[in-house]
Amino acid sequence: MDENFQEEQFRGMIKFTPPLSKQRYQFVKDLVEKYKPQKVADLGCADCRLLWILKFCSCIEVLVGLDICESIMKEKMHRLSPLPGDYLQPTERSLTITLYHGSVAHEDPCMLGFDMVTCIELIEHLEELELKKFPEVVFGFMAPSIVVISTPNIEFNMLFPGVTLFRHPDHKFEWNRAQFQSWALETARCYDYSVEFTGVGHAPRGMENVGFCTQIGVFFRKCPQTSGFAQSENSRETVYKMVFKAVYPSLKDEKYLQNTLVGEVISTAQIIKLSLLDHLMSEHEECNENTTERKAQLQSCFSKDIRKLAIEKSMESFVNGNVVYVPLKTIFSFPKVNQLCGTLERLHKLIAGRVTLSSDGYALMLSTEHENEEN
Ligand code: SAM
């Protein structure tokens with residue numbers, strides 16, 4: 001049975017609002033927003049719910065999930081894939097999400113270099129030998145700046161009617177606050193971390209002495225990470241199996257930058273063209289409702305206007321025959337285009353071959369025709 005669901009069934013006289021699992025995820029999300037880690041690993045990620053929440057934290061660029069149960073990870077992993085909107089409007093941020101099948105009792109180089117590691121309701125599922133190995137793997141080998149560990153506080157169970165031993169049949173143990181804190185303090189001491197204790201899920205008024213329903217330890221590495229990890233990464237054997245990988249489109253990737261820029265350039269040039277044509281039309285009130293006549297008149301207007309609008313200023317758009325010329329400099333002066341490419345030279349380089357440019361590369365060429373037909 002889903003453990004988060006079962007926890008809700010136990011509520012009896014206690015109602016957690018929001019549900020306890022959501023409070024745990026929110027706790028992690030708040031920490032992420034506070035410390036802004038770029039690389040986060042969630043150990044014992046189960047059906048990837050926390051990963052799905054964290055994918056929206058803009059500071060995170062690498063998100064990894066690990067679980068010993070492959071099928072549970074696969075249940076909802078598709079939710080971690082990019083959506084059509086991510087391709088339509090790529091952002092500057094890059095994001096890669098990877099899921100691995102494996103055990104926290106084993107070291108794998110893919111787990112090196114993380115800023116934050118979360119272990120939410122995981123340790124109570126570990127067999128004795130796995131629990132023994134766990135600190136060495138997480139604190140000794142992975143050695144992230146921050147580790148978050150949550151686990152049930154058994155002292156709270158007296159408030160759950162019907163719970164005789166542990167909250168879930170798969171729990172190998174449940175600790176009281178003293179047991180968890182002594183394990184955490186010893187682990188922190190061994191691996192040179194400090195630890196702060198807190199929790200989520202308040203007891204009802206008058207019963208606060210049992211502590212939080214979920215106890216949490218947040219560990220902070222005292223010394224900066226050694227630069228040796230890259231070396232050990234190469235020399236170690238991989239033991240985890242990758243089961244999912246999603247690379248989100250990002251403007252850091254030239255392919256997506258180019259597509260976004262070309263779209264932006266064309267829509268900017270279209271706006272400039274429309275406003276220029278509107279302006280010319282209003283100057284020639286004699287244009288009547290008849291489309292064919294209007295077309296002919298437009299042509300003559302434009303030919304006259306080419307003389308008038310001859311490139312006096314290098315940024316002025318103009319019409320010559322059926323073509324509107326919009327200088328790249330003008331397009332570049334629009335903030336969004338400017339932000340995307342940075343320099344005029346880069347703009348030219350990125351759009352060349354994707355739009356029609358004048359032979360000197362000075363202006364973007366658009367036909368007046370479509371506009372007239374639309375009208
Ligand atoms: N962290 C998730 C959450 O808060 O929603 C789910 C926690 S679930 C209660 C515990 C998860 O730990 C299960 O998905 C289980 O398969 C996983 N697990 C148990 N032993 C493990 C191990 N040795 N290595 C990795 N994952 C393990």
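Each value in this text was obtained by applying a stated rule to the coordinates, not by laboratory testing. This structure is a prediction, so every number in the text was calculated from the model and none was measured. For neighbour counting, all protein chains shown are included, and Cβ atoms are generated from backbone atoms with ideal geometry for every residue, glycine included.
Rounded to the nearest 0.05, what FRET efficiency do LEU88 and SER275 give with R0 = 22 Å and r taken as the Cβ-Cβ distance? Could you check? Don't skip to the answer; put the middle values down first.
Values: r = 25 Å, r/R0 = 1.16.
Taking R0 as 22 Å, the efficiency between LEU88 and SER275 is 0.30.
Multiplying the sequence separation of VAL355 and ALA105 by 0.36 nm and subtracting their Cα-Cα distance, what value in nm do you get?
Using 0.36 nm per residue and subtracting the Cα-Cα distance, I get 84.5 nm.
Fewest to most neighbouring Cβ within 10 Å: what's the order for ASP278, ASP67? If you can, show how the numbers build up before the last one.
On the way: ASP278 12, ASP67 24.
Ranking ASP278, ASP67 by Cβ neighbours within 10 Å, fewest first, gives ASP278, ASP67.
Length gain on complete extension for the stretch GLN225 to GLU208, per 0.36 nm per residue less the alpha carbon to alpha carbon distance? Walk me through the numbers before you get to the answer.
On the way: separation 17, 0.36 × 17 = 6.12 nm, distance 3.86 nm.
So the extension gain works out to 2.3 nm.
So how much slack lies between ARG346 and PHE166, counting 0.36 nm per residue of separation and subtracting their Cα-Cα distance, in nm? Show your work: numbers first, answer last.
Details: separation 180, 0.36 × 180 = 64.80 nm, distance 6.27 nm.
Extra length available between ARG346 and PHE166 comes to 58.5 nm.
A 23 angstrom limit on the alpha carbon distance is what I want to check against. Which of LYS252/LYS349; LYS34/LYS252; LYS55/LYS172; LYS29/LYS252; LYS15/LYS39 exceed it?
LYS34/LYS252; LYS55/LYS172; LYS29/LYS252; LYS15/LYS39
Taking the Cα centre of region 7-86 as the origin, how large is its charge dipole in debye, to the nearest 20, when only Lys and Arg (+1) and Asp and Glu (-1) carry charge on their Cβ atoms?
Values: 13 positive and 11 negative charges, 54 e Å.
The dipole magnitude comes to about 260 debye.
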